[in-house]
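The values are calculated or read from the model by the stated rules, or taken from the named source; none is laboratory data. If you're wondering where the values come from, they're calculated on a predicted model, not measured in any experiment. So basically every Cβ, Gly included, is an ideal-geometry build from the backbone, and we count neighbours across all protein chains shown.
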Amino acid sequence: MSLLTLIRHAQGSFHGEDYDRLSEVGEIQAHKLGEYLIRRGVRFDRVFAGPRTRHLRTAEIVAEVHSQAGMAFPEPVILPELDEYTTRLFSEDYLEAAAEAHPRLFRLERAYRDSIGPDQRLRTFKVLFEAAMELWVEGALNGEPIESWDSFAARVERGIALMTSGEGRGLHVCAFTSAGPTSVATRLALGISPRKTLHLSYVIHNAALTSFLFTVGRFSLNGFNSTPHLDQPELLTLW
């Protein structure tokens, strides 16, 4: 059996101008992840990463920690299949266009836009996010330029097939990705519904490890949402 470990990217800058950049906390999370892997003697035979800055920066920090310890870390192969589901759902113009069919969604978007302060902004975004994602999984928010749930899940499954199709036994493959692809991989292993898959993605922590055992014709969950390296409460983040 071989092992696939999916790592959710470290915390992005939700309250900054660009979410795709790691926050200060995210930088610490990634550094602690690198230290943990070294301390536990974890070695990866192959490393993959999604295309976003937050995926690549998390991998970069882990590699830097290894380099500082005089240890090699495989160069990540970028896989577009490991990208997160679309954020186009939350653009103002798209929500305005969807307002006639989904007026509640439009009202939630207005509340988010009008929110004041980081706490209220995060709270209103969570409500908007979950409402939009429920409609998306149901197929009610499809059409250009939105990638459908079915297309997203199929894309991620193609990525998993690519990562697990290499020759050899006893390999340890690693991928830096997001909560959405990690939940799809879990769905592939457990056979759960799209809605439950979506709900799983809400609870995956930044820099968490989720692992799967695989061989020809078999893909099984081995560990979910593990964060032993995040030993301080303030480092356990979802956003």
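Some points to look at:
Yes/no per residue for (1) crowded, with 21+ Cβ neighbours inside 10 Å; (2) out of contact with any Asp or Glu (no Cβ under 9 Å at 6 or more places or on another chain); (3) outside any loop (DSSP other than H, G, I, E, B):
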site: 42; (1), (2), (3): no, yes, no
site: 55; (1), (2), (3): yes, no, yes
site: 63; (1), (2), (3): no, no, yes
site: 67; (1), (2), (3): no, yes, yes
site: 72; (1), (2), (3): no, yes, no
site: 85; (1), (2), (3): yes, no, no
site: 94; (1), (2), (3): no, yes, yes
site: 104; (1), (2), (3): no, yes, yes
site: 116; (1), (2), (3): no, yes, no
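- Some residue of the stretch 89-99 being free of Cβ contacts under 8 Å to residues at least 60 places away in the same chain and touching a Ser or Thr at 6+ places or on another chain (Cβ under 8 Å): no
- Taking the stretch 125-229 and the strands (runs of 3 or more DSSP E) fully enclosed by it, the elements with 2 or more residues that are surrounded by 13 or more Cβ atoms within 10 Å (Cβ to Cβ) and aliphatic (A, V, I, L, M) are at 172-177, 209-215.
- Against the numbered list (1) within 19 Å of residue 134 (Cα to Cα); (2) under 16 Å from the mean Cα position of the chain (by Cα), residue 195 comes up short only at (2).
To keep it simple, each residue is scored yes or no on (1) in contact with a helix residue (DSSP H, G or I) (Cβ under 7 Å, 6 or more places away or on another chain); (2) under 14 Å from residue 7 (Cβ atoms).
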site: 136; (1), (2): yes, no
site: 151; (1), (2): no, no
site: 163; (1), (2): no, yes
site: 179; (1), (2): yes, yes
site: 188; (1), (2): yes, no
site: 196; (1), (2): no, no
site: 217; (1), (2): no, no
site: 239; (1), (2): yes, no
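Here's the yes/no breakdown for (1) touching a Pro at 6+ places or on another chain (Cβ under 8 Å); (2) modelled with pLDDT under 95; (3) of a type in the set (Gly, Ala, Ser); (4) at positive phi:
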{"position": "193", "(1), (2), (3), (4)": "no, no, yes, no"}
{"position": "196", "(1), (2), (3), (4)": "no, no, no, no"}
{"position": "205", "(1), (2), (3), (4)": "no, no, no, no"}
{"position": "212", "(1), (2), (3), (4)": "no, no, no, no"}
{"position": "216", "(1), (2), (3), (4)": "no, yes, no, no"}
{"position": "220", "(1), (2), (3), (4)": "no, no, yes, no"}
{"position": "224", "(1), (2), (3), (4)": "no, no, no, no"}
{"position": "227", "(1), (2), (3), (4)": "no, no, no, no"}
{"position": "233", "(1), (2), (3), (4)": "no, no, no, no"}
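- Lone unmet requirement of (1) polar (S, T, N, Q); (2) crowded, with 20+ Cβ neighbours inside 10 Å; (3) touching a residue at least 60 places away in the same chain (Cβ under 8 Å) for residue 23: (3)
- All of (1) farther than 24 Å from residue 185 by Cβ; (2) in contact with a Leu (Cβ under 8 Å, 6 or more places away or on another chain); (3) in the same structural domain as residue 204 (by TED's automatic domain parsing) hold for residue 21 with one exception: (2).
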